[in-house]
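Each value in this text was obtained by applying a stated rule to the coordinates, not by laboratory testing. Please read these numbers as outputs of a predicted model, since none were measured by experiment. Please note: Cβ atoms are built from the backbone with ideal geometry, for glycine as well, and neighbour counts cover all protein chains shown.
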Amino acid sequence: MPRILSIDYGKKRIGLAVTDPGQIIASRLTTIPTHTIWDFLKDYFETEEVESVVVGYPKQMNNQASESVRFINPFLKKFQQIYPDMKLEIYDERFTSKIAFQTMIDGGLKKQKRQDKALVDAISATIILQNYLEQKRNSRL
C-alpha cells in the first residue's frame, strides 16, 4: 500500500511526515528549507510510492483561513500543476504547533531542544498526519 505524505508548510521551513506502507502510523520524516521543497518532492516521489499528500491549512477560531495561507495557497496551486494526478488534501492544522511543543515537554526534551523550530515543524507535520489518519478511520465506521 502506498504511503501518505504530510506537509507543514512554513515561510522558512517545511516539516514533513509520512505513514508506514500500511497507512497506520505517522512518523516524522524531516524538516527542509522551504525553497528546497520541489527538489525534495521530486526525489521522494521517485523513490517512494505515495498515494496522497496532506497539507496543513491553518484556520482561526472562527474557521476563517489564517494570515499564513497566503504562503500556502501558491504552493498548493503549483503542486496541483506539477502533480495533477496526485491526490492533494488540506487539513485544519489549528493548534498543531502548540500540541507539538507540549508533546516535546511531555516527552522530557530539555529546553534547548524544545527551541529547535525545525523539530517543532516536523512534529507538527506528524500530528497533522496522525489526526488525518484517525479522522479517515473514524469516517469509515
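Among 14-25, 45-56, sorting by the average number of other beta carbon atoms lying within 10 angstrom of each residue, highest first, gives 14-25, 45-56. In this structure, the pairs whose alpha-carbon distance is over 18 Å, taken from Lys11/Lys78; Lys77/Lys136; Lys11/Lys77; Lys11/Lys87, are Lys77/Lys136; Lys11/Lys87.
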